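Everything below concerns the one structure shown next.
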Amino acid sequence: SHELEAKHVQQVTQGGGFTAFGDDGTLTFEYRVPERVCFRGDSYLPLSVLLAIVDEVTSWASVGVDPARRPGVSIDLNAALAAGRVPPRAGDHLVFLARSRRMGRTLGFQTCEVRTGSGELVATARHTKLLDMGRAWGIAFGAGFDLTRGLLRAFGSVD
């Protein structure tokens, strides 16, 4: 969609961007690790930063496949480096492949693979989200989304 492309152009100038949302529901996010987020001295990316990116990417993957567009609340988020891997370093090109495995009424389950630009596995992650956003959310973003979009266009800044 044009919104995804606009986000990509904006993010590429900052070192990363959403590059594809596949027919299979896989959201691809590419990221070049900037020096400013790495540990000083050894230039390794802290795993907390890796998890924060996984949280964001899997959340967008979830919203992308959910008809009610529920962002949810994280219940569980974990990641592990691939066997024998060291954390990414400044300048590394990473590709995050996020997939929604199951979306229910209450819970959503996402996975994410983090790979190098050449396809080598860096880390795997799992994310569980509480999706029950309440009745108002269901009305605004479910069956009533066209009305919500119209109101936002009339009074907000949605194109």
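The values are calculated or read from the model by the stated rules, or taken from the named source; none is laboratory data. These numbers come from a predicted model, not from an experiment. No Cβ is skipped: glycine too gets one built from the backbone with ideal geometry, and neighbour counts run over all protein chains shown. Accessible surface areas use protein heavy atoms only, side chains included; no ligands, DNA or RNA. Shrake-Rupley method; radii C 1.70, N 1.55, O 1.52, S 1.80 Å.
Give the residue, chosen from 55, 23, that is assigned to a helix (DSSP H, G or I) and of a type in the set (D, E, K, R).
From the options 55, 23, the qualifying one is 55.
Every residue, every condition in (1) over 18 Å from the mean Cα position of the chain (by Cα); (2) more than 29 Å from residue 67 (Cα to Cα); (3) open to solvent by 60 Å² or more (accessible area, probe 1.4 Å), yes or no:
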residue: 80; (1), (2), (3): no, yes, no
residue: 95; (1), (2), (3): no, no, no
residue: 98; (1), (2), (3): no, no, no
residue: 113; (1), (2), (3): no, no, no
residue: 116; (1), (2), (3): no, yes, no
residue: 120; (1), (2), (3): yes, yes, yes
residue: 128; (1), (2), (3): no, no, no
residue: 133; (1), (2), (3): yes, no, yes
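Of all residues in segment 115-141, how many are closer than 30 Å to residue 32 by Cβ, touching a helix residue (DSSP H, G or I) at 6+ places or on another chain (Cβ under 7 Å) and of a type in the set (A, V, I, L, M, F, W, C)?
Residues that pass the stated criteria total 2.
Based on this model, can you work out whether residue 69 counts as modelled with pLDDT of 90 or more and either surrounded by fewer than 17 Cβ atoms within 10 Å (Cβ to Cβ) or closer than 18 Å to residue 115 by Cα (or both)?
No, not satisfied.
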